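Heads up, the thing below is written out as structure tokens.
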Amino acid sequence: MKNLTFGMMAVLALFLSSCNSPETNKNNEVVNAAVVNGQPKVGDLLSNDEVCMVNNAYMGKKQLEVKYDGKIYYGCCADCQEKIPTLESARIAVDPVSKKPVDKATAIIAKADENDNVLYFENKSNYETYFNN
């Protein structure tokens with residue numbers, strides 16, 4: 001009985017921590033990602049369906065789809081699915097080049113760092129400017 005309780009607690013802890021990992025590509029396609037050890041490198045473009053838009057993190061697999069206001073956003077868990085319609089920050093980011101708000105559902109998304117954080121760009125030109133400087 002003690003082992004069963006411990007096992008259930010471990011599974012619950014894993015489930016609850018999945019949303020706490022570190023915080024789209026407009027055409028929903030992976031664009032020439034150079035891959036290192038099966039993972040995109042910093043600066044690679046990412047498929048929006050592999051990004052948790054609440055945590056702003058590349059997750060490496062297809063995320064849960066959330067339809068809101070005629071657009072599709074992605075979250076890693078049920079909690080994130082609930083946050084997308086209610087939190088503007090889950091749907092809107094700031095382009096680091098233009099400093100303008102950008103809708104995450106239509107943004108160009110790139111891997112920002114080795115911790116799998118992502119950046120959102122309003123267009124490919126801004127993405128190229130950011131990573132070529």
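A short reminder: the numbers here are calculations on the coordinates, not readings from a lab. Bear in mind the structure is a predicted one, so any value in this text is a computation, not a measurement. Neighbour counts are summed over all protein chains in view; Cβ atoms, including those assigned to glycine, are modelled from backbone coordinates with ideal geometry.
Report the gain in length on full extension from Gln39 to Asn117: 0.36 nm times residue separation, minus Cα-Cα distance, nm rounded to one decimal.
Numbers: separation 78, 0.36 × 78 = 28.08 nm, distance 1.29 nm.
Using 0.36 nm per residue and subtracting the Cα-Cα distance, I get 26.8 nm.
So how far apart, in nm, are the two label points at Glu65 and Ala78 if each is 7 Å from Cα heading toward Cβ?
2.1 nm
Taking a temperature of 20 °C and a viscosity of 1.002 mPa s, what whole-number D in µm²/s does Stokes-Einstein yield for the range 40-98 with Rh from Kirkwood over alpha carbon pairs?
Values: Rh = 11.9 Å.
After rounding, the answer is 181 µm²/s.
Could you tell me what % of all Cα pairs in the range 70-133 have separations over 14 Å? Could you put the intermediate results ahead of the total?
Working: 1192 of 2016 pairs.
In whole percent, the long-distance tail amounts to 59.
Can you list the equivalent-ellipsoid semi-axes of the range 22-131, largest first and in whole Å, using the square root of 5 times each Cα gyration tensor eigenvalue? All intermediate terms of the calculation are to be shown ahead of the outcome.
On the way: eigenvalues 80, 52, 26 Å².
Semi-axes (√(5λ), whole Å): 20, 16, 11.
Over what distance in Å are the Cα centres of the range 82-112 and the range 46-73 separated?
11 Å
What length, rounded to one decimal in nm, is gained on full extension from Leu87 through to Ser125, with 0.36 nm per residue of separation minus their alpha-carbon distance?
Working: separation 38, 0.36 × 38 = 13.68 nm, distance 2.79 nm.
My answer for the length gained is 10.9 nm.
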